Structure formats: C-alpha cells, structure tokens
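The values are calculated or read from the model by the stated rules, or taken from the named source; none is laboratory data. Predicted, not measured: the structure shown is a model, and the values here were computed from it. All Cβ positions, even for glycine, are placed from backbone atoms using ideal geometry, and neighbour counts span all protein chains on display. These accessible areas exclude ligands, DNA and RNA; they are computed on the full protein's heavy atoms, side chains included. Shrake-Rupley method; radii C 1.70, N 1.55, O 1.52, S 1.80 Å.
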Amino acid sequence: MSASRWRRAMQGGFQQPALQLPARSQPAGSSPASAGGVETDPYAESNAPRWLKFLWRHLSARHVLIFLFLLAYPFVATPFFTFQVAAQSLVLGLIALSLTFLGGYGGIVSLAQMSVAGVAGYSIAIFGVSSTPISLGWPWWVAVLVALFIACACATVVGWLSVRTEGIYTIMITLAFGVAFYYLVLQNYSLFNGFQGFQKVYPPDVFGLNWREPVPFYFLTLFWAMAGYLAVKWLVRTPFGIALQGVRDNPRRMEALGFNIVAHRVAAYAFGGLLAAIGGVLLVWYNGLITPGSINVGWQINILVIAVLGGMRHPIGAFLGSIVFVLLQTFAIDLIDRERFNLVIGIVFLAIVLFSTDGLLGLWDKLRTRMRHQTSDSVASTQRH
Amino acid sequence: METKRTWIRSVTGAAVVAALTSMAWAQQAPVKIGVLATLEGPFAAGGADGMRGAELAIRERGGVVAGRKIEMIKASSNANPDVAVNAVRKLVEQDKVDIVVGPLSGGEGIAVKDYSKTQPNMTFINGGSGAQATTLVNPSTNFFRFNTEGAQWMVGLGQAAINKGYKRVMVIAEDYAFPYSQVQGFMTEFCKLGGRVPVKAWVPLGGKDYSSVIARIPKDVDALLVVLGGADAVNFLNQYEASGGDKPMMGGSITVSQDVLNYRGKRRDSLVGTISAGPYADSFDGADWKAFVSAYQKSFPVSSGGYPSPSLFALVYYTNMKAALDALDAVKGDLAGGQAKYRDALSKLELKMPTGTVRLDSNRQAIGTTFVTEVVKDAQGALTTRVLRKVDNVDQMLGLKKEEFQIGSRDIPNCP
C-alpha cells in the first residue's frame with residue numbers, strides 16, 4: 001500500500017485498512033481485496049501455492065527485466081563501473097534505505113543512520129581482522145554478527161532516546177548523536193585508533209572466492225541491497241508496517257485505538273538500524289578501511305541527500321538517489337574546472353529538489369502523467385486529478 | 001532533400017573523424033599522468049599549490065617528455081583515505097592514466113600504497129604525503145617517494161633548539177601519523193642531546209578550540225614545538241596570543257610555511273625568531289633554488305592565485321613529478337611490459353633538485369636534504385626564513401640503527 005493511498009484511507013473514515021492487504025492471517029479463500037474494493041485479486045481462485053500467488057500478484061515484466069539487467073550488468077560493464085559505481089551505489093543505497101524507511105513510513109527523519117553504519121563498520125574492524133594491532137581477529141562470521149548486533153542495539157538506544165521528539169527536534173537529537181560518535185572515534189585511541197582508524201579491513205575469502213574482487217563484491221552488495229529492499233516492501237504491508245504508517249499520519253488517533261506509539265517507533269529504529277548496519281559492514285569492506293572521515297557530518301548529510309534526492313515515497317528511491325549521487329561524485333570533476341566540481345553536484349541536487357517535491361520518484365511521476373496526457377487525452381488521466 | 005543533407009553531413013563527419021584519428025596516430029600517444037591532491041577539505045590551499053608544483057615540472061619540459069605529449073589529469077580528495085582511494089581508482093581504471101602522482105596527506109598515502117599492490121603493472125609516485133609507515137611497513141614495490149618524509153624533515157631542529165638554550169619543550173601537535181613523525185624527528189635528536197619533553201598535547205585535526213591545550217602549558221618549559229598545519233596553526237596563534245602567552249615557538253615543517261607567513265593577524269610579528277626545519281627554505285641561496293623560485297613566480301603570479309614563493313606542497317609535488325618525468329626520459333618514454341623498465345629507472349634515479357640531490361633507499365624512499373631555518377623580517381616587512389643549517393643525506397632511520405628504530409607514535413619517543 002502506498003503512502004498516499006493509506007492517507008486517503010485514513011481521511012475517508014476508518015475502514016479497516018488492514019483488510020486491503022494480503023495479510024498472512026487471512027483464510028486463503030476470502031479475497032482480502034473484496035472488502036476494501038480497491039484491489040482485485042485475479043489469482044484468488046487458483047490452487048497454486050501461496051508464495052507463487054504472491055509472486056504472480058506482485059511481479060511484472062519490468063521487475064524481471066530490471067532483475068536480469070542487474071544480473072548481467074557486471075559481465076558487460078568494466079570492473080570500475082562494477083565496483084566503484086554500482087557496488088558503491090548499492091551500499092550507500094542500502095544505508096539510505098534505512099532512512100527512507102524511517103522517514104517515508106515512520107515519519108522519522110534520523111541523521112544518525114550513517115553513524116549506525118559506522119558503529120557496525122568500527123565493530124567489524126575492532127572484532128575482525130585489520131592491520132591495526134587493536135583488532136581482535138575473531139572469525140569473520142562472529143565479527144559480522146556481533147557488529148550487526150551492536151549497531152542494532154545502538155540504533156535502538158538512539159531511537160529510545162529520541163522517540164518522544166518530532167520533526168526538527170528529531171533531526172537535531174540524531175545529528176547530535178552522530179557528531180558525538182564522530183568525535184568519540186576521532187579522539188579515542190585505545191579502542192577506535194583516532195584519526196587513523198583501521199586499515200585493511202577486507203571481506204573474508206569464502207568458497208574460495210575473493211569477495212573484494214569487483215564481480216563477487218557486486219553480487220554480495222546486490223544480494224543485500226535486494227534483501228533490504230524486499231524486506232522493507234514486505235514489512236510495510238504487515239500489520240506492524242500499517243500501524244507504523246498510522247503512527248506517522250495520526251499518532252493521537254492511533255494511540256486512542258490502543259496502539260503503543262513508542263514501541264512502534266523504537267521498533268522502526270531497530271529495523272532501520274539493521275539495514276544501516278548491513279550497509280555499514282559492506283561499506284567498510286568496500287573502502288577496505290574506516291576512519292572518522294568516513295562517518296563525519298558530511299556523510300550524515302550525504303545519506304539524507306541521497307534519500308531526499310531519490311524520493312522517500314518508495315524504497316526504490318534510496319537506490320535511485322545513490323546512483324545519481326555516486327555518478328555525480330565520480331564524474332562531476334570531468335564536467336567542469338577541477339577546482340569547482342562541487343558546484344555541479346550542488347546545482348544538480350538543488351535542481352532536482354526544486355523541480356520535484358519528492359526527488360527523482362516525483363520527477364518520474366510527473367513525467368508519466370504528462371506522457372499519459374499526450375498519448376491519450378483520455379478520461380483516465382483526468383480522473384486521476 | 002532532407003535525407004540528402006543528412007547524408008552529406010554524415011560523410012563530412014566521417015571524413016573529419018578519419019582525419020583526426022590519422023593525425024593522432026602520426027604522433028606518439030600522449031603520456032597520461034594522474035595527479036591527486038586535496039582540492040577540498042582542511043588542506044585545500046596546500047593541495048592547490050601542490051597542483052601548481054606538478055604543473056611547473058611539466059611546463060619546464062614544454063609539456064613533452066621523450067617525444068610524447070604529457071597529459072595531466074587532476075583528481076581531488078579531502079584528506080580522507082577512502083576518498084583518496086576512490087579518486088585514484090578512477091584515475092587508474094576509468095581515466096586509464098599511465099602514472100599516478102599523489103596523494104597529499106599521510107593517511108591517504110598509506111591507503112594509496114595499499115591500493116597500489118592491486119595494480120602491479122602501474123607506477124605510483126607519492127605527491128606530498130609524509131607518513132613513515134608508507135615505505136617502512138609492508139612497502140609496495142610500485143610505490144615510490146622522492147620527497148623525504150615527516151621525521152626526516154625535522155632532523156637538525158633538536159640541535160638548533162639546544163643552541164637556542166631550550167632545555168624543556170612542550171609539544172603541541174595534531175593527532176595523526178604525520179605530526180607523530182615530525183615530533184619523532186625532533187625528539188630523537190633533542191632527547192639524545194639532553195633535552196626534555198615533559199608534556200605532549202595531541203589535538204584533533206581541524207580543531208577550532210585550543211584553549212584547553214593552552215591551559216595545560218607548564219610554566220617551566222622554555223619553548224613550544226607547534227606542529228599544526230595551515231588554518232589550524234593560524235587558529236592556535238590567535239588563541240595563544242589572546243590568552244597572553246609569551247613562550248617562544250618552534251614550528252613543524254608545515255607550520256611555518258607560506259600559509260602562516262602570509263597571515264595578516266596580530267601574532268604575525270611574534271613569529272620572528274621561530275625556528276623550524278623542513279625540506280626547503282625560502283631564503284636558501286643556491287642558484288638552482290633561485291631559478292626554481294623565479295620559475296614558479298613567473299608561472300603562477302600572485303595575481304592569479306600563486307604564493308609569493310612556492311610552498312612546501314608545491315615543492316614536494318614538483319619533486320615527485322620531476323622524478324616521474326626524468327625517469328620517463330631515461331627510458332625514452334617506454335612504458336611497455338608492465339612498466340618494469342620504468343620502475344627500474346626510477347629506483348636508480350639520481351634526482352637533481354633545486355635543494356640538492358635526491359636518491360632512493362631500498363624501500364624506494366628518498367634520502368635527501370633538510371634545512372633548519374629561522375623566521376626573520378625582510379626589508380619590505382614581509383616575513384621570510386633564514387637558513388641556519390643545511391643537513392645533507394638524511395635517511396629514514398634518523399641516524400639510529402635499524403634494530404633500535406621504531407616508527408613514531410603518541411608515546412614514541414619519550415623523554416619526560
């Protein structure tokens with residue numbers, strides 16, 4: 001269910017919105033859509049297994065095409081485009097996805113997502129293997145699990161402390177957490193090795209593959225990016241996700257209905273933290289190092305820029321935003337005088353935000369509406385407005 | 001009609017393309033040299049001057065080496081190692097450069113050295129970075145450094161401090177590898193000669209507030225050794241003056257560079273008498289040096305953003321770029337066979353520099369000259385430096401035996 005449809009449902013009286021969804025508790029026979037009258041399920045009568053019906057319902061030709069393109073991409077593109085452009089976009093997109101989830105579905109704008117990623121990154125450097133003597137050298141899978149756990153715990157604590165704030169105050173308090181963590185790692189030498197951080201933090205060799213080679217690393221990031229994307233898509237349709245969107249749109253009403261708002265928001269922080277943590281581990285493996293410069297305020301803002309640039313309305317926005325961001329970061333220097341390339345980046349960001357209220361997704365919507373107007377001066381398009 | 005015009009256009013287009021390609025084939029393909037410096041972040045000013053230094057070395061040869069045109073491709077970082085590696089990777093894998101010159105700062109240097117191991121057929125030559133570990137710990141066979149590093153730059157300052165009568169010195173330095181090296185270069189000599197360093201204050205890079213450090217300065221020290229760079233040094237000077245400080249200062253190699261000497265604040269005059277050491281001196285009167293300075297001034301007049309006299313970063317980038325070009329000349333522009341011949345020529349190069357001759361040790365690290373200098377005021381009232389002493393053949397071991405040498409850190413060396 002898209003956010004706008006949800007909003008409409010909320011405004012048009014409380015018509016048991018959960019019923020419009022393929023909720024898992026539904027008995028197989030009764031079509032969930034019939035109650036809401038919004039979606040009709042053409043596969044309701046067939047006897048195919050439920051997961052197959054789920055796929056039929058949600059997959060279209062363009063999904064398959066994009067998936068095939070993503071699979072074929074590293075075999076067509078140069079190693080540079082596979083590693084530095086695509087894999088980096090996927091990793092940053094995954095971190096931005098955690099913010100898109102929090103912001104788009106929970107109404108929480110948290111600037112601490114890069115710091116959560118940084119906690120995971122530093123944890124894997126400290127517990128795993130690096131060229132710095134501080135590292136404990138645990139087996140990689142233990143280090144990864146511990147890193148994810150610590151980062152999730154930190155995200156939950158940040159959520160717990162900032163959950164009672166709204167809007168700009170949430171931004172401020174999460175920014176404060178991020179800056180505090182930056183200065184902690186910058187000035188602490190016994191644990192975080194200060195300004196120099198950790199070098200040579202590489203992914204392990206598993207199944208005889210060097211996972212830092214461009215193609216394996218691309219597929220590693222692709223797997224986790226898709227896992228994160230699908231997890232968000234799935235989660236926002238569960239009762240929890242619906243309730244979270246309810247909390248976003250009208251917390252007082254949800255509270256009156258008996259929902260625990262604080263618990264929902266903290267849980268959202270925890271899930272967002274998990275996404276950011278996975279992204280953080282991948283980011284350290286991508287860079288092969290982590291220093292305070294990898295998690296400074298600039299990067300906290302960059303994650304927000306990526307999320308806003310792509311559009312917060314749909315999880316794909318985070319990845320669209322990160323692709324544009326990485327392409328600009330990499331190639332802007334070729335477009336203009338080398339001392340001034342940050343100007344190009346700024347102008348493009350400004351232009352996108354200026355001409356669209358919802359980043360690239362908003363632009364795409366506008367474009368599609370206009371195309372529809374041109375092809376058929378039809379009733380359908382006017383009905384939409 | 002329409003189709004005919006299109007056809008004519010495409011034929012013309014094809015002809016032009018064919019002509020251009022054949023012209024390109026007539027000459028030899030240009031040598032692509034990627035140059036990485038910090039055009040953003042805390043060292044942006046130094047990075048821009050580094051670029052000028054590299055450009056100067058190319059202009060000296062008229063943009064041609066061994067009959068091949070030199071194409072310089074600039075890349076930028078912000079002193080963060082991950083950004084530096086991304087930029088170098090783009091130069092190597094996307095822009096397909098033949099040689100990389102860079103990066104500028106210590107942490108970046110180590111990261112780029114690590115990256116160079118994944119590109120064994122490429123040659124990487126340092127830009128300005130001066131971390132000791134780059135060539136001492138896991139050195140890479142295709143990473144060369146023709147500039148001396150942070151610890152080498154401070155050799156001679158310990159003796160000069162003793163000569164000035166400084167017995168107890170407090171160290172105020174930024175908290176990362178390069179200042180550790182600088183402090184080690186000073187202390188190794190200073191402690192051996194009987195000096196004492198009771199307090200070392202490590203401040204974060206890019207910090208704006210030095211009041212807590214200033215409060216910690218003991219009453220009984222004779223002088224301060226300040227190893228801060230660019231804007232940070234200027235900040236410290238302001239705050240130390242405002243708090244009424246009057247201890248004489250000694251500077252690190254990037255503290256008393258043109259960045260600070262061009263500073264127009266009140267503390268300016270109290271800088272006179274500051275001793276420091278570094279790989280060059282404005283006032284060195286060697287003929288080659290004077291020629292170098294005037295070439296720099298002619299190429300980059302102050303009106304177009306250049307400094308009155310080349311900064312440290314201009315010199316080190318010039319040094320490394322000149323080494324890259326001299327070795328190219330020695331192999332007649334032949335980079336075939338994974339550049340093995342070229343790297344061999346680099347290792348054997350005796351680089352004639354404006355400051356003296358530079359050669360490489362077995363880790364491909366420069367053995368070169370260091371100058372001990374003192375800040376003086378010239379006739380026009382501009383601050384400049386005066387050479388107290390020129391130390392030749394400074395190597396990375398600082399006069400210690402290989403067994404007793406340890407890389408500098410917060411606690412090494414130590415003589416409270």
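Being free of Cβ contacts under 8 Å to residues at least 40 places away in the same chain and either of a type in the set (A, V, I, L, M) or touching a strand residue (DSSP E or B) at 6+ places or on another chain (Cβ under 9 Å) (or both) holds for only one residue in A:L354, A:L304, A:L282, A:L309, and it is A:L354.
Residue-by-condition table, conditions (1) within 14 Å of chain A (Cβ to nearest Cβ); (2) closer than 30 Å to B:G41 by Cβ; (3) not polar (S, T, N, Q):
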{"residue": "B:F186", "(1), (2), (3)": "no, yes, yes"}
{"residue": "B:C191", "(1), (2), (3)": "no, no, yes"}
{"residue": "B:P198", "(1), (2), (3)": "no, no, yes"}
{"residue": "B:A201", "(1), (2), (3)": "yes, yes, yes"}
{"residue": "B:V213", "(1), (2), (3)": "yes, yes, yes"}
{"residue": "B:K219", "(1), (2), (3)": "no, no, yes"}
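If the condition is being assigned to a loop (DSSP other than H, G, I, E, B), closer than 30 Å to B:P308 by Cα and open to solvent by less than 50 Å² (accessible area, probe 1.4 Å), then segment B:376-416 contributes B:G381, B:A382.
Can you go through A:V85, A:V119 and tell me which one is touching a Cys at 6+ places or on another chain (Cβ under 6 Å) and within 21 Å of A:Y202 (Cα to Cα)?
Details: A:V85 fails: touching a Cys at 6+ places or on another chain (Cβ under 6 Å).
From the options A:V85, A:V119, the qualifying one is A:V119.
Could you tell me whether segment A:324-345 includes any residue that is more than 14 Å from chain B (Cβ to nearest Cβ), open to solvent by 60 Å² or more (accessible area, probe 1.4 Å) and assigned to a helix (DSSP H, G or I)? Checked segment A:324-345: no residue is more than 14 Å from chain B (Cβ to nearest Cβ), open to solvent by 60 Å² or more (accessible area, probe 1.4 Å) and assigned to a helix (DSSP H, G or I).
A count restricted to segment B:377-413 and to residues that are closer than 20 Å to B:G194 by Cβ, touching a residue at least 12 places away in the same chain (Cβ under 8 Å) and away from every other protein chain (no Cβ under 14 Å) stands at 7. For B:A87, state whether it is within 11 Å of chain A (Cβ to nearest Cβ), surrounded by fewer than 24 Cβ atoms within 10 Å (Cβ to Cβ) and in contact with a Leu (Cβ under 8 Å, 6 or more places away or on another chain). For B:A87, the condition - within 11 Å of chain A (Cβ to nearest Cβ), surrounded by fewer than 24 Cβ atoms within 10 Å (Cβ to Cβ) and in contact with a Leu (Cβ under 8 Å, 6 or more places away or on another chain) - is not met.
Counting residues in segment B:372-385 that are of a type in the set (A, V, I, L, M), under 19 Å from B:P279 (Cβ atoms), out of contact with any His (no Cβ under 6 Å at 6 or more places or on another chain) and at pLDDT 85 or above gives one or more.
Among the listed residues B:I110, B:I70, B:I125, identify the single one that is farther than 20 Å from A:F83 by Cβ and either at the interface with chain A (Cβ under 8 Å from one of its Cβ atoms) or at pLDDT below 90 (or both). Break it down stepwise before answering.
Numbers: B:I70 fails: either at the interface with chain A (Cβ under 8 Å from one of its Cβ atoms) or at pLDDT below 90 (or both); B:I125 fails: either at the interface with chain A (Cβ under 8 Å from one of its Cβ atoms) or at pLDDT below 90 (or both).
So the residue among B:I110, B:I70, B:I125 that is farther than 20 Å from A:F83 by Cβ and either at the interface with chain A (Cβ under 8 Å from one of its Cβ atoms) or at pLDDT below 90 (or both) is B:I110.
Would you pick out the residues in segment A:181-238 that are within 21 Å of the chain's Cα centre (by Cα) and of a type in the set (V, I, T)? Spell out how you get there, then give the answer.
Residues of segment A:181-238 that are within 21 Å of the chain's Cα centre (by Cα), as a first pass: A:217-238.
Matches in segment A:181-238: A:T221, A:V232, A:V236, A:T238.
Filtering segment A:247-292 to residues that are of a type in the set (G, A, S) and either surrounded by 23 or more Cβ atoms within 10 Å (Cβ to Cβ) or not in a helix (DSSP H, G or I) (or both) leaves A:G258, A:A268, A:G272, A:G273, A:A276, A:A277, A:G279, A:G280, A:G288. Exactly one residue among B:A48, B:A29 is within 14 Å of chain A (Cβ to nearest Cβ) and either open to solvent by 40 Å² or more (accessible area, probe 1.4 Å) or touching a residue at least 60 places away in the same chain (Cβ under 8 Å) (or both), and that residue is B:A48. Any chance you could count how many residues in segment B:223-246 are buried (at least 17 other Cβ atoms within 10 Å of the Cβ) and closer than 25 Å to B:I162 by Cα? Selection size over segment B:223-246: 11. Among the residues of segment A:340-353, is there at least one that is of a type in the set (G, A, S) and closer than 23 Å to A:S110 by Cβ? No: segment A:340-353 contains no residue that is of a type in the set (G, A, S) and closer than 23 Å to A:S110 by Cβ. The single condition from (1) more than 30 Å from A:D249 (Cα to Cα); (2) open to solvent by 30 Å² or more (accessible area, probe 1.4 Å) that A:G167 fails is (1). From the residues in segment B:268-324 that are over 19 Å from B:I125 (Cβ atoms) and of a type in the set (V, I, T), which one is modelled with the lowest pLDDT? Selected residue: B:V272.
In segment B:90-107, the qualifying residues are those that are facing chain A (nearest Cβ under 9 Å) and buried (at least 24 other Cβ atoms within 10 Å of the Cβ), and the one that is farthest from B:M321 (Cα to Cα) is B:G107.
Say whether the condition of being assigned to a loop (DSSP other than H, G, I, E, B), closer than 19 Å to B:S409 by Cα and within 14 Å of another protein chain (Cβ to nearest Cβ) is met by at least one residue in segment B:163-181. Yes, that holds for at least one residue.
Inside segment B:173-203, residues that are closer than 19 Å to B:P279 by Cα and modelled with pLDDT under 90 make up a count of 5.
Could you say whether any residue in segment B:14-25 is crowded, with 22+ Cβ neighbours inside 10 Å and modelled with pLDDT under 90? Before the answer, list the steps.
Quick first cut of segment B:14-25, residues crowded, with 22+ Cβ neighbours inside 10 Å only: none.
For segment B:14-25, residues crowded, with 22+ Cβ neighbours inside 10 Å and modelled with pLDDT under 90: absent.
Just one of (1) free of Cβ contacts under 8 Å to residues at least 40 places away in the same chain; (2) closer than 23 Å to B:A54 by Cβ; (3) open to solvent by less than 10 Å² (accessible area, probe 1.4 Å) fails for B:Q119. It is (3). Across segment A:295-314, which residue is nearest to the other protein chains (Cβ to nearest Cβ) among those that are open to solvent by less than 10 Å² (accessible area, probe 1.4 Å) and part of a helix (DSSP H, G or I)? Of everything passing the filter in segment A:295-314, A:I295 is nearest to the other protein chains (Cβ to nearest Cβ). Entry remark, segment A:182-210: residues being of a type in the set (A, V, I, L, M, F, W, C), away from every other protein chain (no Cβ under 14 Å) and on the phi < 0 side of the Ramachandran plot number 3 in total.
On the stretch given as segment A:163-181, residues that are over 28 Å from B:D175 (Cβ atoms), of a type in the set (S, T, Y) and either within 11 Å of chain B (Cβ to nearest Cβ) or in a helix (DSSP H, G or I) (or both) total 2.
So that you can scan it fast, the table gives a plain yes or no per residue for (1) surrounded by fewer than 23 Cβ atoms within 10 Å (Cβ to Cβ); (2) within 14 Å of another protein chain (Cβ to nearest Cβ); (3) under 17 Å from the mean Cα position of the chain (by Cα):
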| site | (1), (2), (3) |
| --- | --- |
| A:H58 | yes, no, no |
| A:A77 | yes, yes, no |
| A:V91 | no, yes, yes |
| A:A120 | no, no, yes |
| A:S131 | yes, yes, no |
| A:L136 | yes, no, no |
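Which of the residues that make up segment B:75-96 are of a type in the set (S, T, N, Q) and without any contact (Cβ under 8 Å) to a residue 40 or more places away in the chain? B:N80, B:N86, B:Q94, listed by residue number.
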